[in-house]
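Read the structure below first, then the notes.
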Amino acid sequence: MTLKKTLAFLVCLIPMLVLVYFAVSGQLGPDAGKELVLETGEWAIRFLLLTLAISPIRTLTKSPAVLRYRRMIGLFTWFYASLHLSAVLTYLLGWSWPIFVEEFAERPYMALGIIAWVLMVPLGITSNNWAQRKLKRRWKTLHQLTYLIAILACAHFIWLVRSDFGEALLYSVILFVLLAFRIVPALRHSREGGNPAL
């Protein structure tokens, strides 16, 4: 791993290290478990949007070097999403199957979050050169699930928010812009008979 990638890796770890420090020092407030759930979930969405932003950044800056960090950021998205799911199971559900079934039935937004995480699993497992060589063109098709995952994640966040929708709407607007950045050129190329890659 190059020095730049090592630094990028360490930067991506900072949110988790900060959360661990706050948890150990008792700075997460009266409901530390709930705060961990919220923070890990938001960091998962932030990393997911950053992953989707890599291609537009590459296009706008004409710097292909940024693509080297997309896989790492994508894996950190899965990492923080897994921390979020673990926090939900631990602090909100107490690893109780009856409570899980009850909450799943009463809170549909939970289903969106779980579906998004499940869809991340094959992407995380195949985020390596060996899988890319084996799957060939199917690898790219599989990893386009990222767009659906992002939509589900933002819908999950908007649905669970009960008062302040500002941050959830901000993430949704960012996602809309990132998707439009891909869809508009794709439609233009389609009318011209091309076959662009999203």
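Right, V177: modelled with pLDDT under 90, open to solvent by 40 Å² or more (accessible area, probe 1.4 Å) and in a helix (DSSP H, G or I) or not?
No.
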Cross-chain or 6+ apart pairs with Cβ under 8 Å, segment 1-30 first and in contact (Cβ under 8 Å) with a residue 12 or more places away in the chain, then exposed (fewer than 12 other Cβ atoms within 10 Å of the Cβ) and part of a loop (DSSP other than H, G, I, E, B): F9/M1
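For residues in segment 155-174 being of a type in the set (A, V, I, L, M) and touching a helix residue (DSSP H, G or I) at 6+ places or on another chain (Cβ under 8 Å), which is least open to solvent (accessible area, probe 1.4 Å)?
Of segment 155-174, the ones of a type in the set (A, V, I, L, M) are 155, 158, 160-161, 168-170, 173-174.
Subset that is touching a helix residue (DSSP H, G or I) at 6+ places or on another chain (Cβ under 8 Å): 155, 158, 160-161, 168-169, 174.
On the way: A155: 38, I158: 56, L160: 46, V161: 23, A168: 2, L169: 92, I174: 67 Å².
Out of the qualifying residues, it is A168.
Suppose we keep only residues that are of a type in the set (V, I, T), over 20 Å from S127 (Cα atoms) and touching a residue at least 24 places away in the same chain (Cβ under 8 Å) within segment 60-94. Which one would you say is surrounded by the most Cβ atoms within 10 Å (Cβ to Cβ)? Spell out the reasoning first.
Here is the first cut: in segment 60-94, the residues of a type in the set (V, I, T) are 61, 66, 73, 77, 88, 90.
Filter again for over 20 Å from S127 (Cα atoms), leaving 61, 88, 90.
The next check asks that each one be touching a residue at least 24 places away in the same chain (Cβ under 8 Å); those that pass are 88, 90.
Working: V88: 22, T90: 13.
This residue is V88.
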Conditions first: (1) of a type outside the set (A, V, I, L, M, F, W, C); (2) closer than 19 Å to A44 by Cα; (3) at pLDDT below 90. P196 passes all but one, so which condition is the exception? (2)
Take the residues of segment 19-50 that are of a type in the set (A, V, I, L, M) and in contact with an Asp or Glu (Cβ under 9 Å, 6 or more places away or on another chain): which is surrounded by the fewest Cβ atoms within 10 Å (Cβ to Cβ)? A23
A careful count of residues in segment 102-138 that are surrounded by fewer than 13 Cβ atoms within 10 Å (Cβ to Cβ) and not in a helix (DSSP H, G or I) gives 2
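The values are calculated or read from the model by the stated rules, or taken from the named source; none is laboratory data. Computed from a prediction, not measured in an experiment: that's the story for all the values here. Neighbour counts are summed over all protein chains in view; Cβ atoms, including those assigned to glycine, are modelled from backbone coordinates with ideal geometry. When the accessible area is computed, the model is the full protein with side chains, heavy atoms only, and any ligands, DNA or RNA have been set aside. Shrake-Rupley method; radii C 1.70, N 1.55, O 1.52, S 1.80 Å.
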